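The values are calculated or read from the model by the stated rules, or taken from the named source; none is laboratory data. Just so you know, these numbers come straight off a predicted model, no measurement behind them. Positions of Cβ are generated from backbone atoms using ideal geometry, with glycine treated the same way; all protein chains shown enter the neighbour counts. Just the protein is used for accessible areas: all its heavy atoms, side chains included, with ligands, DNA and RNA removed. Shrake-Rupley method; radii C 1.70, N 1.55, O 1.52, S 1.80 Å.
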Amino acid sequence: MYSEKVMDHFTNPRNVGEIADASGVGTVGNAKCGDIMRIYLKIENGIIEDVKFKTFGCGAAIATSSMATEMVKGKSIEEAMQLTNKAVAEALDGLPPVKMHCSLLAEQALKEALEDYFTKNGLPLPEGFTKPDAEHEEAPEEL
Amino acid sequence: MERIYLDNAATTRVRPEAAEAALRAMTEIYGNASSVHAFGREAKKALEKARAQVAALIGAKKEEIYFTAGGSEADNWALKGAAHALCGKGRHIVTTAVEHHAVLHTCKALEKEGFEVTYLPVDEYGRVTAEQVEKALRPDTILVSVMAANNEVGTLEPIAEIGAVCRAHNVLFHTDAVQAVGHVALDVGAMPIDLLSLSGHKFYAPKGAGALYIRTGVRIQNLIEGGAQERGRRAGTENLPAIAAMGEAAACIAAEMEEENARLTRLRDKLISGLLSRIPETRLNGHPTQRLPGNVNVSIRYIEGEALLLSLDMAGIAASSGSACTSGSLDPSHVLLAMGLPHEIAHGSLRLTLGRETTEEEIDRVLEELPRIAQRLRAMSPLYDDSRR
């Protein structure tokens, strides 16, 4: 049901943990639905120097968190803002249709963390900054 | 790595005696049981032998057993057949909130036809009482359907008492005994049960054969029309390989049930107490004693069930879960929710079901592996962090 890459990221998730003095933290999902993701960002000079995550959820939720953190680590804020759930799912060699919801959560958690960073630093939200609403959106049919 | 199969409530490994009977029915006794010739007569003889074996397992008379393609067909037939036969008398049915979908979805289908269904709530262990059933009865109640044992949490329902209430009020009583037959002693001769569903692959026979017990004198409508098989009540050429195997499996399990249940109960309780003591904030789902000998169902807080199953699978251990992620819907198990579990705890449920080949060494290995897996997943869980703050 899952690709080898999903299983790899589930078994050996990258960047699990917390950042004590995080520049931004984003938490999305709820326990009722069975998945919660929390992403911590350490941003210096507009670069994501470090990123960590904690996830309560299924295999896909853990794997998409892991992949999303790997894809933005060392990237600029502008680059990280461009990350889409589709790109995360593609990097994992695809997800079952019912699990696309998880990749949307990963994108949302990252963007919540970025928004938290902007807010904390009194920065205006950059033009074109949007967040998906994973909690109320139906999972897309196909990748 | 030796694999460990702890999903015997989903299905079981066919036992050698049953496999041999199936092979023989495919390669030697391959006639159509309805045929006049010797090949047909041999098949008919094997069919009737299996009927007697299945009847003996539940204390029925041979002619009260009607073979079906499985448990779901038997449930569909019992409910639809009774509803359609008795709709002139009334259109009200009583069942429980924790039935298998084969019963619940059949009730939903009957509601669309204009039948009214009362879904009784259950207590924290998943039990209904005979008093609850009695209170729900109305003058137009035609059928009560309560499962003998729950497939998810293993809780045994008081079907003898419920049957007695139904008998006193002259209402038909059906029990979905798919999980119970072969695993707890049932005697329809002594118990007031009118209709009972069973399935062979839950007691070491192949998939594809089950039966509906219909008490002598009880009339229900046919579900499948066609030829005159099963004395005109269930058409279709009998699946003799699966049926003959089910007969052998029934005979075997009847002979060993008492001893095997004592063995399984001991292993079950060892697994339950081991998990509860080794993994903090874990709860047992279902009744502590009134439960199937092979059923263990626990919720491990702060962990989601599918992640648990994947981790166990990688350690060679096969189990199942009531998590939404394993059911293909957004809601976790209807059984756990009906028992009053909060969603987040229902998502972390894990079912381990033991069988005749389960060994003490296997239970010990699960008790080694599972705490390690739970610890790893909790280390990743923001819920666990939050609970520590």
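Of note:
- Scanning region B:66-85 for residues that are surrounded by 24 or more Cβ atoms within 10 Å (Cβ to Cβ) and of a type in the set (A, V, I, L, M) yields B:ALA74, B:ALA78, B:LEU79, B:ALA82, B:ALA83.
- Count of region B:355-389 residues which are open to solvent by less than 50 Å² (accessible area, probe 1.4 Å), assigned to a helix (DSSP H, G or I) and either closer than 23 Å to B:TYR204 by Cβ or acidic (Asp, Glu) (or both): 5
- Residue pairs meeting the criteria (Cβ under 9 Å; at least 6 apart or on separate chains; first more than 14 Å from chain B (Cβ to nearest Cβ) and among the β-branched types (Val, Ile, Thr), in region A:35-55; second open to solvent by 10 Å² or more (accessible area, probe 1.4 Å) and part of a strand (DSSP E or B)): A:ILE43/A:GLU49; A:ILE43/A:ASP50; A:ILE47/A:SER76; A:ILE48/A:LYS42; A:ILE48/A:SER76; A:VAL51/A:TYR40; A:VAL51/A:LYS42
- In summary, B:GLU225 fulfils each of the numbered conditions (1) in a helix (DSSP H, G or I); (2) without any contact (Cβ under 8 Å) to a residue 60 or more places away in the chain with the single exception of condition (1).
- Of all residues in region B:219-246, those satisfying the criterion of being within 19 Å of B:SER145 (Cβ to Cβ) and surrounded by fewer than 16 Cβ atoms within 10 Å (Cβ to Cβ) are B:ARG219, B:GLN221.
- Members of region B:9-21 found to be crowded, with 20+ Cβ neighbours inside 10 Å and farther than 29 Å from B:GLU152 by Cβ, listed by number: B:ALA21
- Residue check for B:ASP364: without any contact (Cβ under 8 Å) to a residue 12 or more places away in the chain, more than 15 Å from A:LYS32 (Cα to Cα) and within 14 Å of chain A (Cβ to nearest Cβ): no
- Region B:237-273: number of residues that are touching a helix residue (DSSP H, G or I) at 6+ places or on another chain (Cβ under 6 Å) and not in a helix (DSSP H, G or I): 1
- Pairs with Cβ under 8 Å, 6+ apart, first in region B:247-258 and under 13 Å from B:ALA19 (Cβ atoms) and in contact (Cβ under 8 Å) with a residue 60 or more places away in the chain, second in a helix (DSSP H, G or I) and among the aromatic types (Phe, Trp, Tyr): B:ALA249/B:PHE203
- Scan region B:153-170 for residues that are in contact with a strand residue (DSSP E or B) (Cβ under 6 Å, 6 or more places away or on another chain) and either touching a residue at least 60 places away in the same chain (Cβ under 8 Å) or more than 24 Å from B:GLY81 (Cα to Cα) (or both) and the total you get is 4.
- Considering the conditions (1) open to solvent by 10 Å² or more (accessible area, probe 1.4 Å); (2) modelled with pLDDT of 95 or more; (3) not β-branched (Val, Ile, Thr), B:LEU352 is excluded by exactly one of them, (1).
- If you check B:HIS174, B:HIS201 for being crowded, with 24+ Cβ neighbours inside 10 Å, over 19 Å from B:LYS61 (Cα atoms) and within 18 Å of the chain's Cα centre (by Cα), only one passes: B:HIS201.
- Considered as a group, the residues in region B:174-218 that are of a type in the set (D, E, K, R) and in contact (Cβ under 8 Å) with a residue 40 or more places away in the chain include one that is nearest to B:ALA10 (Cα to Cα), and that residue is B:LYS202.
- Annotation note: Cβ proximity below 7 Å between a residue of region A:1-25 that is touching a residue at least 40 places away in the same chain (Cβ under 8 Å) and within 13 Å of another protein chain (Cβ to nearest Cβ) and a residue that is β-branched (Val, Ile, Thr) and in a helix (DSSP H, G or I) (sequence gap 6+ or interchain) occurs for A:PHE10/A:ILE62; A:PRO13/A:ILE62; A:ARG14/A:THR69; A:ASN15/A:THR69.
- Some residue of region B:287-299 being part of a helix (DSSP H, G or I) and modelled with pLDDT of 95 or more: no
- The residues of region A:1-22 that are among the hydroxyl-bearing types (Ser, Thr, Tyr) and surrounded by fewer than 20 Cβ atoms within 10 Å (Cβ to Cβ), listed by number, are A:SER3, A:THR11.
- Which listed residue, of A:LYS52, A:LYS42, A:LYS86, is farther than 23 Å from B:SER311 by Cβ and buried (at least 18 other Cβ atoms within 10 Å of the Cβ): A:LYS42
- As a summary of the residue check, B:ILE279 satisfies the conditions (1) more than 28 Å from A:GLY29 (Cβ to Cβ); (2) surrounded by fewer than 22 Cβ atoms within 10 Å (Cβ to Cβ) except for the one numbered (1).
- Residue within region B:333-347 that is more than 20 Å from B:GLY154 (Cα to Cα), in a helix (DSSP H, G or I), more than 10 Å from chain A (Cβ to nearest Cβ) and touching a strand residue (DSSP E or B) at 6+ places or on another chain (Cβ under 7 Å) present: no
- Considering only residues in region A:101-115 that are small (Gly, Ala, Ser) and within 9 Å of A:VAL28 (Cα to Cα), the one that is modelled with the lowest pLDDT turns out to be A:ALA106.
Conditions (1) more than 21 Å from B:LEU377 (Cα to Cα); (2) within 14 Å of another protein chain (Cβ to nearest Cβ); (3) aliphatic (A, V, I, L, M), marked per residue:
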position: A:VAL28; (1), (2), (3): no, yes, yes
position: A:GLY59; (1), (2), (3): no, yes, no
position: A:SER65; (1), (2), (3): no, yes, no
position: A:GLU78; (1), (2), (3): yes, no, no
position: A:LEU83; (1), (2), (3): yes, no, yes
position: A:ALA89; (1), (2), (3): yes, no, yes
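- Pairs, first under 23 Å from B:VAL165 (Cβ atoms) in region B:95-113, second open to solvent by less than 10 Å² (accessible area, probe 1.4 Å) and in a helix (DSSP H, G or I), C-beta under 6 Å, six or more apart: B:THR95/B:CYS107; B:VAL98/B:VAL335; B:VAL103/B:ASP75; B:THR106/B:LEU79; B:LEU110/B:ALA83
- Any hit, region B:319-331, residues being over 20 Å from A:VAL98 (Cβ atoms) and in contact with a helix residue (DSSP H, G or I) (Cβ under 9 Å, 6 or more places away or on another chain): yes
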